[in-house]
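See below for the structure under consideration.
The values are calculated or read from the model by the stated rules, or taken from the named source; none is laboratory data. None of the values given here were measured: they were computed from a predicted structure. Cβ coordinates were reconstructed from backbone atoms using ideal geometry, including for glycine residues, and neighbour counts include every protein chain displayed. For the accessible areas, the whole protein counts, side chains as well, though only heavy atoms, and no ligand, DNA or RNA atoms are used. Shrake-Rupley method; radii C 1.70, N 1.55, O 1.52, S 1.80 Å.
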Amino acid sequence: MDGEPLSAAVRAHIAAGRKIEAIKALRAETGLDLKSAVGRVEACIRSDPALAAHEAARQVLLRQRARWVLLIAGGLVLCAAVLVFGTR
């Protein structure tokens, strides 16, 4: 089963950047467990340079968004602390 090529539906999800949908489709088609399905999809992504570059760019974008969320949350906590403790 590991050597079998992925179906057109799974490859279409991967090419569109829908990794979770690709994993779901692969599991539905083959009955693989989650870990094996994730491994097959990620191996497919790593084997194609264009897909690998796209995935790397997506990971960078996610990390940047996470930094902004943490920065904004920290600012809101600081503002709340000033409002609560700064008025005395």
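Worth pointing out:
- Total residues in region 1-35 satisfying the condition of being in a helix (DSSP H, G or I) and either exposed (fewer than 12 other Cβ atoms within 10 Å of the Cβ) or touching a residue at least 24 places away in the same chain (Cβ under 8 Å) (or both): the figure is 10.
- Some residue of region 55-68 being closer than 24 Å to E4 by Cα, in a helix (DSSP H, G or I) and either touching an Asp or Glu at 6+ places or on another chain (Cβ under 6 Å) or not hydroxyl-bearing (S, T, Y) (or both): yes
- The residue that is farthest from V10 (Cα to Cα), counting only those in region 51-68 that are open to solvent by 70 Å² or more (accessible area, probe 1.4 Å) and at pLDDT below 90, is R58.
- Of the residues in region 13-31, at least one is on the phi > 0 side of the Ramachandran plot and at pLDDT 90 or above.
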